[in-house]
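Comments concern the structure below.
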Amino acid sequence: MEQTFIMIKPDGVQRGLIGDIICRFEKKGFYLKAMKFMNVEKSFAQKHYADLSALPFFPKLVDYIISGPVVAMVWEGKDVVLTGRRIIGATRPWEAAPGTIRGDYAVEVSRNVIHGSDSVENGQKEIALWFPGGLAEWKSNLHPWIYE
Ligand code: DAT
Ligand code: MG
């Protein structure tokens, strides 16, 4: 089963969206494998977004991510990387469909509430960066009611 790294950004935390966001992933049928509530150091945020370091908005992006606590999570399930991105919605909230997290809750690209890994490979990299101590081992008793 696939895993993805999901982070509720500082605006999502401040706006009280933690429960709603977790609910969407949980009810879908994905399994929470790790979670922590934390402030991020600047150098750590720069590492997380290293691929974007050449872009003009990079310094602002890093300042935003360190502006308050975030919720870092790992979710597991079938096709969870792509499906997670669909639950989240398009990067630019005005392009995100209603019913997605960004479509429902965000207006600005620079305040788009949540991060989700964009590929299985990047997901594994991000999980290793955020959760070097490993993940919880468990399987829901409802597993056969969700997965064939
Ligand atoms: P995503 O978060 O959908 O994977 P991304 O990896 O391209 O999007 O960019 C990371 C974050 O950077 C994105 O969630 C919000 C911010 N961002 C992207 N484009 C931006 C822009 N043009 N101006 C300001 N912030 C931007
Ligand atoms: Mg991205």
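The values are calculated or read from the model by the stated rules, or taken from the named source; none is laboratory data. From a predicted model like this one, the values you see are computed outputs, not experimental measurements. Cβ sites come from the backbone with ideal geometry, for glycine too, and all protein chains shown count toward neighbours.
A single member of His115, His143 is surrounded by fewer than 16 Cβ atoms within 10 Å (Cβ to Cβ) and out of contact with any helix residue (DSSP H, G or I) (no Cβ under 6 Å at 6 or more places or on another chain), and it is His143. Inclusion of Ile127 among residues that are out of contact with any Cys (no Cβ under 8 Å at 6 or more places or on another chain) and buried (at least 20 other Cβ atoms within 10 Å of the Cβ) is warranted. Residue check: Phe25 meets all listed conditions (1) over 26 Å from Ile146 (Cβ atoms); (2) away from ligand 1 (no atom under 15 Å from the Cβ); (3) aromatic (Phe, Trp, Tyr) but one, namely (1). Sub-7 Å Cβ pairs linking a first residue in region 78-94 that is in contact (Cβ under 8 Å) with a residue 24 or more places away in the chain and away from ligand 2 (no atom under 11 Å from the Cβ) to a second residue that is hydroxyl-bearing (Ser, Thr, Tyr) and not in a helix (DSSP H, G or I), at least 6 apart or interchain, are Lys78/Tyr147; Val80/Thr4; Val81/Thr4; Val81/Ser117; Val81/Ser119; Gly84/Thr4; Ile87/Thr100, ordered by first then second residue.
The single condition from (1) assigned to a helix (DSSP H, G or I); (2) within 12 Å of ligand 1 (Cβ to nearest atom) that Lys125 fails is (2). Within the option set Ala90, Ala136, Ala97, being farther than 18 Å from Gly29 by Cβ, more than 12 Å from ligand 1 (Cβ to nearest atom) and not charged (D, E, K, R) holds for one residue only, Ala97. Pairs are defined by a Cβ separation below 6 Å, a sequence spacing of at least 6 or placement on different chains, a first member in region 120-139 that is within 12 Å of Lys33 (Cβ to Cβ), and a second member that is at pLDDT 95 or above and assigned to a loop (DSSP other than H, G, I, E, B); the pairs so defined are Gly123/Ser117.
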